[in-house]
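The values are calculated or read from the model by the stated rules, or taken from the named source; none is laboratory data. Worth saying up front: this structure is predicted, and the values here are computed from it rather than measured. All Cβ positions, glycine included, derive from the backbone under ideal geometry; neighbour counts span all protein chains shown. Quick note on the areas: whole protein, heavy atoms, side chains included, nothing else; ligands and nucleic acids left out. Shrake-Rupley method; radii C 1.70, N 1.55, O 1.52, S 1.80 Å.
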Amino acid sequence: EYSYRDYGNRIGFWRMLEVLEAYARSRLGRVSLPARAAPRFAKLMQAIARIPAAPPIGREEVLARWPELEGHVTLVDACLDRYPEVLSGQVDPLSVLFPDGSFALVEPIYRNNPVADYFNGVVAEVVRRFAELRGRKLRIIEIGAGTGSTTEAVFCALQGLEVHYRFTDLSHAFLHRARRRFAAQAGIEYSVYDVERPATFERGFDVVIATNVLHATRRLETTVRNVRDLLGEGGILVINEVTARKDFATLTF
């Protein structure tokens with residue numbers, strides 16, 4: 001298993017991310033983009049136009065040096081293979097990310113790789129230290145918990161501590177999957193929740209966790225206001241977000 005402590009101070013960790021960006025850019029250069037995209041993709045097309053060209057770099061070359069990137073490379077290949085159809089509006093992008101409802105393409109991005117594991121580990125460490133300071137049972141809510149990768153890291157860090165954990169997402173599919181994955185975990189409940197709307201359940205949480213979800217909402221002012229309303233007195237918000245534009249993320253998610 002990866003430890004964020006192992007990767008956090010290694011120059012190679014950041015070099016690996018640079019190689020992923022180079023591969024995504026190189027792979028884009030081999031795609032024939034449609035002359036006209038569907039109107040819904042106007043912003044995406046503008047972002048693609050700003051992506052710099054890159055020298056050719058092959059999948060095998062990348063994975064020979066960085067086998068940890070196999071999931072990322074597979075995802076960008078799968079997305080760009082279908083880009084002409086997606087951008088022209090012939091294919092639903094969700095059917096590309098989740099073929100036949102499968103999570104197999106996206107799950108390796110969120111767990112069991114040094115990038116995701118490092119940042120999930122940081123979140124878990126923050127929550128653990130806060131729990132020690134609080135000195136009592138914590139009420140935690142995770143917004144847009146998705147595949148449950150951050151959830152798993154937090155539970156591992158809080159072993160032996162009593163918590164009430166509300167796992168939320170917009171998708172019933174993610175909730176159903178999480179119920180199976182965390183079936184043995186005590187103190188967890190599941191809710192469909194749209195952070196762009198006020199919560200209908202009891203608030204006053206000690207910790208709100210949001211991993212790569214807040215940016216995906218339409219109005220951040222509304223989103224942040226609703227998040228603030230979830231917190232009880234002295235509670236904390238732990239945000240795990242990409243803080244710079246990444247071409248890999250633009251071309252996939």
Practice task
Tell me which of these VAL163 doesn't satisfy, since it passes every other one: (1) touching a Leu at 6+ places or on another chain (Cβ under 7 Å); (2) surrounded by 21 or more Cβ atoms within 10 Å (Cβ to Cβ); (3) more than 27 Å from GLY71 (Cβ to Cβ).
Solution key: (2)
Completion exercise
Picking from VAL76, VAL86, the residue that is in a helix (DSSP H, G or I), touching a Phe, Trp or Tyr at 6+ places or on another chain (Cβ under 7 Å) and open to solvent by less than 20 Å² (accessible area, probe 1.4 Å) would be VAL76
Practice task
Output the qualifying pairs, or none if there are none: Cβ atoms under 6 angstrom, residues six or more apart or on different chains, first residue in region 89-111 and part of a helix (DSSP H, G or I), second residue open to solvent by 50 Å² or more (accessible area, probe 1.4 Å).
Solution key: VAL96/ARG82
Problem - Residues satisfying the stated conditions in region 200-217, i.e. open to solvent by less than 30 Å² (accessible area, probe 1.4 Å) and more than 14 Å from PHE167 (Cβ to Cβ) - result: ASP206, LEU214, THR217
Exercise for the section: Kindly indicate which of VAL195, VAL208, VAL238, VAL163 is of a type in the set (Val, Ile, Thr), touching a residue at least 12 places away in the same chain (Cβ under 8 Å) and over 28 Å from PHE253 (Cα atoms). Expected result: VAL163
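Hey, does region 139-151 have a residue that's in a helix (DSSP H, G or I) and not polar (S, T, N, Q)?
No: zero hits.
Could you pull out the residue among ARG136, ARG228, ARG177 that is more than 30 Å from GLU21 (Cα to Cα), buried (at least 17 other Cβ atoms within 10 Å of the Cβ) and of a type in the set (D, E, K, R)?
Among ARG136, ARG228, ARG177, only ARG177 is more than 30 Å from GLU21 (Cα to Cα), buried (at least 17 other Cβ atoms within 10 Å of the Cβ) and of a type in the set (D, E, K, R).
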